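Please read the structure below before turning to the comments.
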Amino acid sequence: MDENAFLNFLNKRRSIRAFKDNMVDESKLSKILQACNLAPSSGGLQTFEIYHIKNKEIKKSLVLAAKDQALIAQAPLLLVFCANPSRSVERFGERSQFFSVQDATIAAVYAQLTIHALGLSTVWIGAFDEKKVSEILHLPQGQRPVAIIPIGYENEKPKEKTTRGSKDLLHTID
Ligand SMILES: Cc1cc2nc3c(=O)[nH]c(=O)nc-3n(C[C@H](O)[C@H](O)[C@H](O)COP(=O)(O)O)c2cc1C
């Protein structure tokens, strides 16, 4: 890969909050899941679960649990990434809580980038009531929702992006 190609790819990814009605092929979902399956994880234990929400009533409930963000129900494909510390608690003890949130987050980032690579769009939804989402999805005890990922074809042009700038991120300790 050209040394700028990946940065250019990242530069083109933007959060999209309006989707066309077009459905997303199962083959694209399969590619997204394959990418998630390749994500690094704590001890290689993949301490996350991905829920594919098809039910319309459940989608509406998720909108209410996420500050009325209607796009959750409008997206043709909806995934919820959850941490599952029970998969590593024997090995990592209390640290499995933190690791599993990181595992779910990394998997969701892999999904987000694959979505972009497939010509689809998404926005990371993190503003939700964790307890309500857990109840709506009937999550097993111990699992925690980390990110709601609505997926579809872009139906808006995002505003210009402002950032801190790469140099501001780095703190050198000599
Ligand atoms: C942890 C996290 C939580 C977020 N929660 C929401 C959210 O609930 N609703 C929303 O519209 N965007 C949400 N976003 C998206 C950010 O607003 C967006 O990534 C940021 O403004 C930068 O824009 P960009 O993704 O187009 O680069 C969230 C992003 C992250 C990483």
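Where a number appears in this text, it was derived from the coordinates with a stated rule and is not lab data. Here the structure is a predicted model, which means the values were calculated and not measured. Every residue, glycine as well, gets a Cβ built from its backbone with ideal geometry; the counts of neighbours run over all protein chains shown.
Within 10 Å of each residue's Cβ, count the other Cβ atoms and sort Thr105, Thr163 from fewest upward. Walk me through the numbers before you get to the answer.
Numbers: Thr105 18, Thr163 7.
Placing the least packed residue first, the sequence is Thr163, Thr105.
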Would you calculate a helix-derived [θ] at 222 nm for the chain, using -39,500 (n - 2.57) for each DSSP H run of n ≥ 4 and dividing by the full residue count, to the nearest 500? -11500 deg cm²/dmol
Listed residue pairs exceeding 23 Å between alpha carbons, taken from Lys60/Lys131; Lys12/Lys67; Lys28/Lys131; Lys20/Lys56; Lys12/Lys157; Lys31/Lys67: Lys12/Lys67; Lys28/Lys131; Lys31/Lys67
Between Glu57 and Val109, what length in nm is gained on full extension when 0.36 nm per residue of separation is reduced by their alpha carbon distance? 16.0 nm
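Nothing charged except the Cβ atoms of Lys and Arg (+1) and of Asp and Glu (-1): what's the magnitude of the dipole of the chain about its Cα centre? Round to the nearest 20 debye. Don't skip to the answer; put the middle values down first.
Working: 23 positive and 19 negative charges, 77 e Å.
My answer is approximately 380 debye.
Hey, could you grab the Kirkwood Rh for the chain? Inverse mean 1/r over distinct alpha carbon pairs, Å, one decimal.
17.3
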Taking Thr122, Thr114 and counting other beta carbon atoms within 10 angstrom, the fewest-first order is Thr114, Thr122
Inter-part distance where segment 25-67 and segment 99-148 are each reduced to a Cα centre, Å: 6
Axial C-alpha extent at least 24 Å, average Kyte-Doolittle at least -0.5 - helices from the chain (DSSP): 95-117
For the chain, with the dipole built from +1 on Lys and Arg beta-carbon atoms and -1 on Asp and Glu ones, taken about the Cα centre, which of Met23, Phe99, Cys36 lies farthest toward the positive end? Met23
